[in-house]
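Beneath this line is the structure, given in structure tokens, with notes to follow.
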Amino acid sequence: FRSRRDEAEAPIAACTSLRARQVMAAMRSIAIVSMACVVPLAQATTFETPLGTQVPVNELTEVQFAWSLKFNTTLQYLLEDPSGARTTCTLSAELLSCPVTLTAVGDAPVKLYEAEPGSASLTKLDQFTLRAYTQPAVANVAPLSVPLPGGAKIELTFASALGPGLDGLKARFVHRKTGSYKDTKVSFKDKTYLKVTGRSPTFLDVAATAGDVLDVLVALNGRSFKATGLTATLVAKDKVKIGFLYPSAPDDFGWTFQHNLARLELEKRFFGQVETISQNWIEEWGPNECDFCHEEPGWNASKKMGMWNDEPNDLFGTHRSAMVIKKWVEEEDVKLIVAASFYYHWDTYHMAVKYPNVAFVHVGGWLTRTNMAQIFPKIYQARYLSGIAMGWYIKKHNLPKKVGFLSAFSLGETVRAVNALKLGLEMVDPEIDIYLTWMLTWHDDRKEDLGARRLIRYYGAEGIAQHTDSLIPQLAARDEGKFGTGYNTDMLLTFGDTVLTSPIMNWAGEYEKIVQQVLDGDVNVETTLWNGFDQGAVRLSDLSPLVPSEAKLQIAEEQAKLERGEDTIFCKPNMYDNRGRLRNGPTNPAVNPVPWEVDHLKPGTTCLTDPVVNQVCQEYKGFECVENWLLAGIHDTCDPTPRMPNGIQSPLLAKGVCFLGYMDLPDKCPKGEYLKVVGCTKARPGNYVRDEKEYPCELGYYAPTEGLEHCLPCPAGQIANVTGAIECMGCTPGTYANTAALSECAPCAKGLFTDAYNATQCDFCPEATYSSREGLGMCTSCPTAMTTQNIASSNQSACVCSLGTYSKNSISCPASSS
């Protein structure tokens, strides 16, 4: 291996295999180049198979070659046909174009040479086989009318069989009025090689109207088009309306965001053919709201407030999704409905019974019928790869071997996800454990933030993975100085490099198959789509620069296997669950209610079968799927387990307090309690609670006890002159507080006084007294034999001689003798 990027360029370019060069280019990002790909520079002029090997007989045709290296414009290139005649090739846009005319139908070997200009010496580069064909007439095109928006299934029937080996077949539709044309790929319908099928192109983007004529041409090699003499007519067609039911809103930048991207992508792919609508926040839990369900077969009014017969007894659903579906079908003529949350499962199924001429798609369940499909990609495959990234990060940084996982509910999709993450971690280090919290919600910023911080602070999780819908767990991990892996969208783009990667599902690609079927007029969509990397249904987002190079290589290797359809994730020998039961032993002693788990292993292997991995649950106890199993090393309880015989007790929590397993947190803390990482906590004395946050009492207010929703105003005569007061202080003599909720006692004005504590007002100084300063607790008496003419005197000058007395020096008045 070499590790210098500048040394990597030449050997990469010299790789003769296109696949090898692609792998090398990927490896270049980590500056590692395989020396097995190096060839001598003298042999470095290499190229790929011609871009199309079929040519019409007796017609001059350009054969193009894509080269591995930049073309040498100083050299001359020549193509030799079977007769020995040579033609000079031309260079354009890094493609080599060589004209050739073949005079006989069938295979024809041709040779490619290079030479110095003017030199008679030729160097043979390689030899290829071209196939010359005679294009038979097209006998029929169907249908004769095609919709303006395009997308109709078309079929061309040839007068005679074409035979195998042709590729790149295309049909061309030429708008007779404007001369504009559109090409579309077609392929053989069956092995008779008489019929080809494809999809009609759209003519909405040209000046075309219903009734316009299209001339039909065909090219067996995708380039040499010939007229068929047949035509088709453009017709108008109404759009098919598709409705999407969402459990949250696209601004979650997670689950619903990704489904909404798929909705928009479908509008793009089927431009002019579909119209989509959506509704956010269709609540799953709560009292029954359906006002017509009691009229439907399968409804049981005696169960709770009413529910479907096949609905789990412990579920408590609103059935609001059934209400939306009824409105859409009957009032808005929706023809395809996508229910994008697990707990819409039973409503969707029974509405499919009610509306047999409408197609339904449910995400994540198991119930299907003639007009209802189930879809859920094998996201566990990407989850497994993300575990490799997390494992290597922990290993390279010598971190504690603990990962936190937030999961919504205990369902088949969530259980296989966390199990796959554990198996990915074990590819790096089997001792890395997962600490798991079930959130009992798909999307709740408040609970997701709390759950992530609890796993980090109390259980030492170094990284956070999630099977919930929002960004919040990754934000919490970053703020706590940890790393994580996201879900549904590339969360690295939002929070930066601390998000190592994110498993993502390609919903548009999965929905596309169903949409096309409905556009073709067929609502019988019953199927279960459970596709993975090999079908392009899942992917792993970009890797953070923090992901070690060892992880990148291992992920690339494992992903390549998955893309080839080689899924060996659940094949690890001796997989024990966290209750100590062997899951892939020959007799499988672990009992699971899923009926088909009797045949739990692929013959001759330790690999669990797809139904076992899928863990589709048909029996629930409360929110939990009965007997869903978690691998050893996944801790969803603090109780003793085979892996943790003494149980789990965080040293930072009171004895018996456990934050693993189901989150026990009310949707809103009781009055007077605020939300801390440990949970709802009573406000401390001197504080109050607003919106689940604790605040100190403001000036003039106090909180004498814990758990107050509001602080109390200090009564008149008392004050609180600091924030966070536990008690009020009384006003001292000479001051007063005449109203409640004051932070300062006011001083008595001149001429006034109060000698009381907790005074609410001041009194007037009586006659013969005065107060010349503010804030006095008593008035000053006038000199002997002097008095004041009024009360509330504010200075000594108000003192005058009493009746019958006089003053010589204005200081005192002698006593009167008469």
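Tabulated results
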| read-out | value |
| --- | --- |
| Chymotrypsin sites (Phe, Trp or Tyr not before Pro) within region 740-799: DSSP coil, no more than 16 neighbouring Cβ in 10 Å | Tyr757 |
| Cβ-placed point charges (K, R +1; D, E -1), dipole of the chain about Cα centre in debye, nearest 20 | 1440 debye |
| Cβ-based charge dipole, the chain, positive-most Cα from Gly565, Val515, Leu601 | Gly565 |
| Carbon/sulfur fraction of accessible area - the chain, other protein chains in place, 1.4 Å, % | 51 percent |
| Difference of contour (0.36 nm per residue) and Cα-Cα distance, Asn280 to Leu60 | 73.3 nm |
| Spatial separation of Cα centroids for region 379-456 and region 645-716, in angstrom | 29 Å |
| Unit charges at the beta carbon, dipole of region 227-308: most positive-side option, Met307, Thr276, Pro247 | Thr276 |
| Degrees separating the helix 549-563 axis from the principal Cα axis of the chain, which is the longest one | 50 degrees |
| Additional length obtainable on full extension of the chain from Ala137 to Ser83, 0.36 nm per residue less Cα span | 16.6 nm |
| Lysine pairs meeting the criterion (Cα under 17 Å, 8 or more apart or interchain), as found in region 244-395 | 5 |
| Length gained when the stretch Glu94-Glu330 is fully extended (0.36 nm per residue, less Cα-Cα span) | 79.2 nm |
| Probe 1.4 Å - accessible area at Cys762, Å² to nearest ten | 30 Å² |
| Overall dimensions of region 331-482 by Cα: Rg and Dmax, Å | 18.6, 61 |
| Nearest 10 degrees, 0 to 90: helix 255-269 Cα axis against the chain principal axis | 40 degrees |
| Inter-site label distance for Val105 and Arg457 at 7 Å from Cα along Cβ, in nm | 8.1 nm |
| Residues whose placed amide H lies under 5 Å from that of Tyr181, excluding near-sequence neighbours | His175 |
| Residue-normalised accessible area of region 389-486, expressed per residue, 1.4 Å probe, Å² | 24 Å² |
| Rounded if a/c under 1.5, otherwise prolate or oblate - the chain, Cα gyration tensor axes | prolate |
| Pairwise Cα inverse-distance average, inverted: Kirkwood Rh of region 624-743 (Å) | 17.6 Å |
| Largest to smallest accessible area among Glu512, Glu526, Glu80 [probe 1.4 Å] | Glu526, Glu512, Glu80 |
| Spin-label pair Glu116/Ala556, simplified geometry with 7 Å Cα→Cβ offset, distance in nm | 4.0 nm |
| Mean accessible surface per residue for region 73-175, computed with a 1.4 Å probe while every protein chain stays in place, in Å² | 47 Å² |
| DSSP bridge orientation in the chain - percent antiparallel, rounded to nearest 5 | 65 percent |
| Exposure of Cys290 as accessible area (Å², to 10), given a probe of 1.4 Å and all protein chains | 10 Å² |
| Per residue, in Å², the accessible surface of region 696-776 once ligands and nucleic acids are set aside, probe 1.4 Å | 53 Å² |
| Top positive-direction residue, dipole computed over region 64-168 with Cβ charges, set Leu79, Leu91, Gln135 | Gln135 |
| Förster radius 45 Å - calculated FRET efficiency between Phe316 and Lys676, Cβ distance, rounded to 0.05 | 0.95 |
| Tilt relative to the chain, helix 507-519 - C-alpha long axis, 0 to 90 degrees, to 10 | 60 degrees |
| Inter-label distance for Leu125 and Glu709, nm, one decimal - labels placed 7 Å from Cα along Cα-to-Cβ | 8.2 nm |
| Cα-centre dipole for region 463-600 with unit charges at Cβ (Lys and Arg positive, Asp and Glu negative), debye to 20 | 580 debye |
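The values are calculated or read from the model by the stated rules, or taken from the named source; none is laboratory data. Values in this document were obtained by computation on a predicted structure and should not be read as measured data. Methodologically, a virtual Cβ is constructed for each residue, glycine included, from the backbone with ideal geometry; neighbour enumeration extends over all protein chains shown. Please note that ligands, DNA and RNA were not included when accessible areas were found on the heavy atoms of the full protein model with its side chains. Shrake-Rupley method; radii C 1.70, N 1.55, O 1.52, S 1.80 Å.
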